[in-house]
Every structure is written in C-alpha cells, then in structure tokens.
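What follows is a set of notes on a single structure, which appears directly below.
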Amino acid sequence: MNIMKKRITVVGGGAWGTALAVQAVRAGEDVELILRNEELADRINATGENDLYLPGIELPGALRATTHVEGLRDSDAVLLVTPAQHLRETLTKLSAHWPDQLPAVICCKGIEKETGALMAQVVSETLGGVPVAVLSGPTFAQEVAVGLPAAITLACEDRALGKRLVELIGTPEFRPYFSTDVAGVEVAGAIKNVLAIASGVVAGLKLGDNARAALITRGIAEMSRLASAMGGRVETMLGLAGLGDLTLTCTGTLSRNYTFGVALGEGRKAQDILAERRSVTEGVHTAASITAVASKYGVEMPICAAVDQVANHDADLRSTINALLQRPFRDELENAD
C-alpha cells in the first residue's frame, strides 16, 4: 500500500468500474468514479451502493461518484472502464480535460467494430501520445468488490510506469502481474469474451466436459494466432490475461458472455437475450470485429467465426456446430514436422 495517497479517477460506473473504484480505495487511494447517469451518481453518494450494476455491495465512504470530468486534471491515473464500443466517443468528450502525461489504464476488453482497432489504438487516436497501460485478467466484479483474492495482468510498454501503476492499485488480495505485451494482453482479453459465448453454447446444449476442454484449448490456439499477427507474444496467451481469463469466463456463471451462450444453446434467439440485459455482452460485438480482423491478417479462427454467425447473423446453431466438427483433421501445432 502506498504511503502517500494518490488520486485515481475511474471512468465508467458499471459493475467492473465500480469494483475497480472500490479496489483503488482499498489500495489507499483517493478515488472518483465518473458516470454518465447523474441520478445514479447521487444514489451512490447517498446510499453507498450501486444498486443498478452492483447491487448488494457496500461501497466505501471514500468513493465519490460524479458526472463532472474536471477532476481529471488532478488525477495521477485514469482507469477506463466504459464498454469497448463506446470508448472512442467517451475519450473524445474527455480529451479537452486530459493532461498530456496523465496515464490511461484501459480496463475494457474488445476490438472496435467499425475500425478493427485495439483499445490502445483508440486511446492514441483520441488522446494523442498519453501514456497507456492495459489491465486485464480473470476477475469477476462482485468478487473483487468484496475483497476476495484475485490476480490480473497490467501491461505497459514503459516498464517504470507499469511498475508504478502496479504499486498504485495492488494489494495482497488484488495482485497485478506486470507485462510489456500490451497488444497480446488486449487480444487475449477481447477473444476470451467470444470463446466464453462458445463455451456457454456447449453447456446449454449439454455437449459435455470433453467438448468444453477441447473448445478452451483450441480457443487458445486461435487466440495465439491472432495475437502473433497483431504484434503480441504467444506466451502471453498462457498467462493471466489469456488462459487465466479464458478459464474463468468459460466456466463461471457470473460471466455475461458465458450465460449468453448458455441461453443460445438452450434455443433462445440472440436479440431476445440481449433485449433483457442492462449490461453489455462484449463478446457479441467482438465476434464481428474479430472475424473482420482475422480476415485482414489471413488468420484462421473457426470458433470465433462460428460465434459471429450465430450471435450476429442468426445462423442455425446445430448446423454451425456440425460444420466445425466436419473440418479436416490437422496437426495440433502449426509448425509441427
């Protein structure tokens, strides 16, 4: 824990943004949570609870919610926890208040649908050359908010800054592990949401544990191929941001993407499932983004492409799965002799 208190701003008042704000307070920092909804901000300050996105969790009194962004100028770091598809719009609005050297810590996971850009590229295009880091890994918001043990990856090309950010938000129960592989961590975080939908489909259709294990393993292969093509390191896919997050979201019932897949597997339509949800199911948007990006780089990603067809194009689920199972046999390792 830091001896000298720093000021952390968290942009985004959903479940994960609120949980990270709680964690930053727990790490001993002065924390401000920026929301778009003024009524919700007032309720959080009055009741100590985010009843809309993280109900039942008591928030610390030191956490202040607001809709005003002027406080960015006095911050030591900003955690960006808006939905990935809204990050560009959010940062465009914040850019006038953002100091040149204020670090942006990306905490959302996805690939921009319209451009195929990773979130670090979106930050660069909207805020210029501000320092960038990425926080990603196996973390359910509810568990982090109540202080259960968790480990996560913090990636930053600037090693000195990354180490400072680790110390800024880390506690014995919330353990950030440092990496310099920003692109790899981003790709892993985006793809795991898509694979979690596929894992949910396996559960919803009752295809068995063997099928889920195969899906997770072949999913890592797809993740590794795209990460390598986009400048990431394959070994990152075996760390917390890759295998760790994939294991959690492909098996945990707190995952929005996994439960979306379960509902698909049980026979429900994608649009009907999404219409009932307040929180964003990132994997649906990312499936479309990944399909386009994979095509651009010439990377084969059959599982992600199948999820895109079912989630975004209303493809028949059984026929799509049968097409996957009928693919030719191949070497497990691409460069095998």
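The values are calculated or read from the model by the stated rules, or taken from the named source; none is laboratory data. No experiment lies behind these values; they were computed from the predicted model shown. Methodologically, a virtual Cβ is constructed for each residue, glycine included, from the backbone with ideal geometry; neighbour enumeration extends over all protein chains shown. Quick note on the areas: whole protein, heavy atoms, side chains included, nothing else; ligands and nucleic acids left out. Shrake-Rupley method; radii C 1.70, N 1.55, O 1.52, S 1.80 Å.
Give me the helices (runs of 4 or more DSSP H) completely within segment 236-337, filtered to those with at least 3 residues that are touching an Asp or Glu at 6+ places or on another chain (Cβ under 8 Å) and open to solvent by less than 50 Å² (accessible area, probe 1.4 Å), ordered by residue number.
On the way: elements: 245-249, 256-265, 270-275, 282-297, 302-313, 317-325.
So the answer is 282-297, 302-313.
Hey, does segment 148-160 have a residue that's surrounded by 24 or more Cβ atoms within 10 Å (Cβ to Cβ) and polar (S, T, N, Q)?
Yes - at least one qualifying residue is present in segment 148-160.
Being of a type in the set (Asp, Glu), in contact with a helix residue (DSSP H, G or I) (Cβ under 6 Å, 6 or more places away or on another chain) and modelled with pLDDT of 95 or more is the requirement here; does residue 316 meet it?
Values: of a type in the set (Asp, Glu): yes; in contact with a helix residue (DSSP H, G or I) (Cβ under 6 Å, 6 or more places away or on another chain): no; modelled with pLDDT of 95 or more: yes.
Spelling it out, it is not the case that residue 316 is of a type in the set (Asp, Glu), in contact with a helix residue (DSSP H, G or I) (Cβ under 6 Å, 6 or more places away or on another chain) and modelled with pLDDT of 95 or more.
Which of the residues belonging to segment 29-86 are hydrophobic (A, V, I, L, M, F, W, C) and farther than 19 Å from residue 169 by Cα? It would help to see each step written out before you state the result.
Step one: of segment 29-86, the residues hydrophobic (A, V, I, L, M, F, W, C) are 31, 33-35, 40-41, 44, 46, 52, 54, 57, 59, 62-63, 65, 69, 72, 77-81, 84.
If the condition is that a residue be hydrophobic (A, V, I, L, M, F, W, C) and farther than 19 Å from residue 169 by Cα, then 35, 40, 41, 44, 46, 52, 54, 57, 69, 84 are the ones that fit.
Of the residues that make up segment 178-200, is at least one modelled with pLDDT of 95 or more, open to solvent by 10 Å² or more (accessible area, probe 1.4 Å), within 17 Å of the chain's Cα centre (by Cα) and more than 20 Å from residue 155 (Cα to Cα)?
For segment 178-200, residues modelled with pLDDT of 95 or more, open to solvent by 10 Å² or more (accessible area, probe 1.4 Å), within 17 Å of the chain's Cα centre (by Cα) and more than 20 Å from residue 155 (Cα to Cα): present.
Could you look through segment 111-126, keep only residues that are in a helix (DSSP H, G or I) and crowded, with 18+ Cβ neighbours inside 10 Å, and pick out the one that is farthest from the chain's Cα centre (by Cα)? Quick ask: steps written out before the conclusion?
So the first thing to find is which residues in segment 111-126 are in a helix (DSSP H, G or I), and the list is 119-126.
When the remaining residues are screened for being crowded, with 18+ Cβ neighbours inside 10 Å, the result is 119-120, 122-123, 126.
Numbers: 119: 10, 120: 13, 122: 15, 123: 15, 126: 20 Å.
It comes out as 126.
So in segment 162-172, with the set limited to residues that are touching a strand residue (DSSP E or B) at 6+ places or on another chain (Cβ under 7 Å) and open to solvent by less than 30 Å² (accessible area, probe 1.4 Å), which one is nearest to residue 131 (Cα to Cα)? Working first, answer last.
Within segment 162-172, the first condition is being touching a strand residue (DSSP E or B) at 6+ places or on another chain (Cβ under 7 Å), and the residues that meet it are 162-163, 165-166, 168-170.
Still in the running and open to solvent by less than 30 Å² (accessible area, probe 1.4 Å): 162, 165-166, 168-170.
Working: 162: 10, 165: 11, 166: 14, 168: 15, 169: 17, 170: 19 Å.
Within segment 162-172, the match that is nearest to residue 131 (Cα to Cα) is 162.
Where the second residue is open to solvent by 20 Å² or more (accessible area, probe 1.4 Å) and assigned to a helix (DSSP H, G or I) and the first is without any contact (Cβ under 8 Å) to a residue 40 or more places away in the chain and among the charged types (D, E, K, R) and lies in segment 40-69, which pairs have Cβ atoms under 7 Å and are six or more apart or on separate chains?
Qualifying pairs under 7 Å: 51/43; 64/45.
Listed residues 170, 162; which is of a type in the set (Gly, Ala, Ser), under 20 Å from residue 76 (Cα atoms) and in contact (Cβ under 8 Å) with a residue 40 or more places away in the chain? Let's see the steps before the verdict.
Numbers: 162 fails: in contact (Cβ under 8 Å) with a residue 40 or more places away in the chain.
The match here is 170.
Would you confirm, using the coordinates I've provided, whether residue 217 is among the hydroxyl-bearing types (Ser, Thr, Tyr), open to solvent by 50 Å² or more (accessible area, probe 1.4 Å) and part of a helix (DSSP H, G or I)?
Yes.
Out of the residues in segment 1-53 that are part of a helix (DSSP H, G or I) and among the small types (Gly, Ala, Ser), state the one that is farthest from residue 91 (Cα to Cα). Give the steps one after another, and end with the answer.
The initial filter retains those residues of segment 1-53 that are part of a helix (DSSP H, G or I), namely 15-26, 38-47.
Going one step further and asking which of them are among the small types (Gly, Ala, Ser), we end up with 15, 17, 19, 21, 24, 41, 46.
Details: 15: 20, 17: 16, 19: 21, 21: 19, 24: 21, 41: 20, 46: 28 Å.
Step by step, filter segment 1-53, then rank; the result is 46.
Take the residues in segment 127-144 that are in contact with a strand residue (DSSP E or B) (Cβ under 6 Å, 6 or more places away or on another chain) and either β-branched (Val, Ile, Thr) or part of a helix (DSSP H, G or I) (or both); name whichever of them is surrounded by the most Cβ atoms within 10 Å (Cβ to Cβ).
Looking at the filtered set, the residue picked out is 134.
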